[in-house]
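Working notes, beginning with the structure itself.
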Amino acid sequence: MDHPPEIAALLEKYPSLRKPIETGVESHDGREERLLSFILSHPDIDSIRGSPSKLLSAIDDFSAKHDFLISVGGHKAKILSDLVAKEKPQILVELGGYLGYSAILFADAMRRNGLPDQQLRVLSLEMSAEFSSIARELIQLAGLSDIVTVITGPAEESLRKLQKEGNLTNVDFLFLDHVEALYVTDFKVCEELGFLQKGAVIAADNVVRPGAPEYRTLVRNHPRLQSTGVIGLIQPGDLEDEIEVSYVTS
């Protein structure tokens, strides 16, 4: 297939983008299993084991050179880890765990804040049992299984079950990174269940690409929130996107 010069140059730099550009397929085609095999057979596996930063770098390398992954990627990772360092959450919930990249990033950043592991919780909610299994294996490889719990099932169902069983009463940091059409619904579920108290932070990825306009309108007009967009790049490819960061003010 012939491409315009700018696309051809992009594909030469990032060959993993060929399939998503030419077919529109970005996941659920075996690349997730190939990532796990790539990591477990990596020549530096001994140094990767127990090192979240080296594991995330290896995942980014796979995404750039082999198969594009819909994880947050290196540029957004820095934005999010800096936000965690600033806000120092003890209980973090993410909706859309995928293969564990962001859960590993968050747990590592939270641990770096200096609190004991037993005071830290990352709950990673993922719809796919297959992806949950891969995430658990990678989280264990990173040495973060004592902080991160992967929960499989629809986000709303999992949130309601956690609240009903007394396993979650409040959320310091909520990360939305699943189906953009569900951002509004699941944000409202978290509100309804009383999870989002004053001081909580909500970060929502991909509000520009592919976009979550209804969610952005909601949080920017919400009487209890102060909300703004932070530019972040989708990598590889360096496409500009935004993370909507909202603070609960009352």
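The values are calculated or read from the model by the stated rules, or taken from the named source; none is laboratory data. From a predicted model like this one, the values you see are computed outputs, not experimental measurements. Glycine also receives a Cβ, built like all others from the backbone with ideal geometry; neighbour counts cover every protein chain displayed. The protein model used for the area step is the full one, side chains on, heavy atoms only, and it has no ligands, DNA or RNA in it. Shrake-Rupley method; radii C 1.70, N 1.55, O 1.52, S 1.80 Å.
Checked against the criterion of being more than 29 Å from G30 (Cβ to Cβ) and surrounded by fewer than 24 Cβ atoms within 10 Å (Cβ to Cβ), the candidates S81, S145, S158 yield just one match: S81.
I'm trying to understand the selection: among the residues of the range 212-250, which are in a strand (DSSP E or B), under 30 Å from L11 (Cα atoms) and open to solvent by 60 Å² or more (accessible area, probe 1.4 Å)? Of everything in the range 212-250, those that are in a strand (DSSP E or B), under 30 Å from L11 (Cα atoms) and open to solvent by 60 Å² or more (accessible area, probe 1.4 Å) turn out to be I231, L239, E240. Considering the range 112-138, the residues that are touching a Leu at 6+ places or on another chain (Cβ under 9 Å) and part of a loop (DSSP other than H, G, I, E, B) include one that is least open to solvent (accessible area, probe 1.4 Å), namely L120. Can you pull out every residue in the range 54-78 that is buried (at least 22 other Cβ atoms within 10 Å of the Cβ) and small (G, A, S)? Passing the criteria: S63, S71, G73, A77.
For (1) polar (S, T, N, Q); (2) outside any loop (DSSP other than H, G, I, E, B); (3) in the same structural domain as A142 (by the TED database); (4) within 18 Å of D117 (Cα to Cα), each residue gets a yes or a no:
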| residue | (1), (2), (3), (4) |
| --- | --- |
| G50 | no, no, no, yes |
| K54 | no, yes, no, no |
| S57 | yes, yes, no, no |
| D61 | no, yes, no, no |
| I79 | no, yes, yes, no |
| D82 | no, yes, yes, no |
| A85 | no, yes, yes, yes |
| P89 | no, no, yes, yes |
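Restricting the range 1-47 to residues that are of a type in the set (D, E) and under 21 Å from L239 (Cβ atoms), the residue that is most open to solvent (accessible area, probe 1.4 Å) is E12. Can you find a residue in the range 129-148 that is more than 24 Å from S41 (Cα to Cα), polar (S, T, N, Q) and not assigned by the TED database to the domain that holds F38? Within the range 129-148, not a single residue is more than 24 Å from S41 (Cα to Cα), polar (S, T, N, Q) and not assigned by the TED database to the domain that holds F38. Going through (1) in contact with a Lys or Arg (Cβ under 9 Å, 6 or more places away or on another chain); (2) within 29 Å of A200 (Cβ to Cβ) one by one, S47 falls short only on (2).
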